[in-house]
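Student: Sharing a structure here in structure tokens format.
Rule-based calculations on the coordinates, nothing more; no lab input. For clarity, every value in this text was computed on a predicted model and none was experimentally measured. Every residue, glycine among them, receives a Cβ derived from its backbone with ideal geometry; neighbour counts consider all protein chains shown.
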Amino acid sequence: MNILGISGSPVLDGNNDKLISRVIDTAKVRGFDVDVVFMYLLDIAPCNACGACSGSGAGKCAIKDDMQSVYDKLVSADAIIVSSPVYFGNVSAQLKALFDRSVMLRRFGFKLKGKVGAAIAVGGSRNGGQEKTIQAIHDWMLIHGMAVVGDGDHFGGIAQKPVSEDVVGLKTVDNTIENLCLFLEKFK
């Protein structure tokens, strides 16, 4: 089974990259195949609502950019764990562009339906908007028909920067990936 990690940060080797690397390493140790998307490496334009993917485009996005490779990764994953920084009370602009552009996968057969999803958010303070950000990630997953897993106590991984010093936050991140793996192992 394959777990895809998505770091929604535009910052190289930032807090979100560290957390995605941490959860992906955990999944590898548990025997899962893994893949990663780092948003800072990609050029993904926002959706412009051109309608091509719902018209004669038959499931093809008219925007030619790095999203083309991300579609394949999303579809081939059995589970997706998304981490976003909280810049202004919600997901990063880069992650929002990915979410909006994924509408094509919904329009043409709900290609993410039945996959398992989990969320992580990193804010500047303990209550810096992480829960709202996780809610936005969960909403994206639910709109696609995914099953959502939390950390066992609350909504998912809620961390405060710098994550290397956030013992409480790292525990919620570890619990989130453990629950995601346990969920998938039930269906192996």
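Student: How about residue 113: which lysines have a C-alpha closer than 20 Å to its C-alpha, ignoring those fewer than 8 places off in the same chain?
Tutor: Output for residue 113: 60, 73, 96, 186, 188.
Student: Based on DSSP H runs of at least 4 residues, each adding -39500 (n - 2.57), what is the mean residue ellipticity at 222 nm of the chain after dividing by all its residues, to the nearest 500 deg cm²/dmol?
Tutor: -12000 deg cm²/dmol
Student: Computed from the coordinates I sent, Rg and Dmax of the Cα atoms in Å equals one of (1) 15.6, 51; (2) 20.1, 62; (3) 18.6, 58. Tell me the label.
Tutor: Computed from the coordinates, Rg and Dmax of the Cα atoms in Å corresponds to (1).
Student: Among the aspartates and glutamates, which have Cα under 19 Å from the Cα of residue 132 when same-chain residues fewer than 8 positions away are ignored?
Tutor: Correct list for residue 132: 100, 151, 153.
Student: Given R₀ = 22 Å, FRET efficiency for residue 42-residue 88 by Cβ-Cβ distance, to 0.05?
Tutor: For R0 = 22 Å, the calculated efficiency reads 0.55.
Student: Net charge around residue 160, counting only other residues with Cβ within less than 9 Å of its Cβ (Lys, Arg = +1; Asp, Glu = -1)?
Tutor: It works out to a net charge of 0.
Student: What distance in nm lies between label points placed 7 Å from Cα along the C-beta direction at residue 68 and residue 147?
Tutor: If labels sit at residue 68 and residue 147, their model points lie 3.5 nm apart.
Student: Which cross-chain or sequence-distant (5 or more) residues have an amide H under 5 Å from the amide H of residue 148, H modelled 1.01 Å from N in plane?
Tutor: 117
Student: If amide H atoms are built 1.01 Å from N in the plane of the peptide, which residues on other chains or at least 5 residues away come under 5 Å of the amide H of residue 154?
Tutor: Under 5 Å from the amide H of residue 154 lies no amide H from a residue far enough along the sequence or on another chain.
Student: Here is a follow-up. Could you check the simple spin-label distance between residue 75 and residue 12, using points 7 Å along Cα→Cβ, in nm with one decimal?
Tutor: Once both label points are built, they end up 3.2 nm from each other.
Student: What angle, in degrees between 0 and 90 and rounded to the nearest 10, separates the Cα long axis of helix 167-185 from the longest principal axis of the Cα atoms of the chain?
Tutor: Compared with the principal axis, the helix lies near 50 degrees.
Student: So if I place +1 on the C-beta of Lys and Arg and -1 on the C-beta of Asp and Glu, and nothing else carries charge, what would the dipole magnitude of the chain be about its Cα centre? I want it in debye, nearest 20.
Tutor: Using Cβ point charges on Lys, Arg, Asp and Glu, the chain gives about 540 debye.
Student: Local charge sum around residue 151 (other residues, Cβ-Cβ under 10 Å, Lys/Arg +1, Asp/Glu -1)?
Tutor: Net local charge, residue 151 excluded: -2.
Student: So, one more: Does the range 1-58 come out rounded, prolate or oblate, given a ≥ b ≥ c as the square roots of the eigenvalues of its C-alpha gyration tensor, rounded meaning a/c under 1.5 and, failing that, prolate meaning a/b above b/c?
Tutor: Oblate is the answer for the range 1-58, as a/c is 1.5 or above yet b/c matches or exceeds a/b.
Student: Round to the nearest 10 and give me the degree value, 0 to 90, for the angle of helix 15-29's Cα axis relative to the longest principal axis of the chain.
Tutor: Helix 15-29 sits at roughly 90 degrees to that axis.
Student: Relative to the longest principal axis of the chain, what angle (0 to 90°, nearest 10) does the C-alpha long axis of helix 130-143 take?
Tutor: It works out to around 40 degrees.
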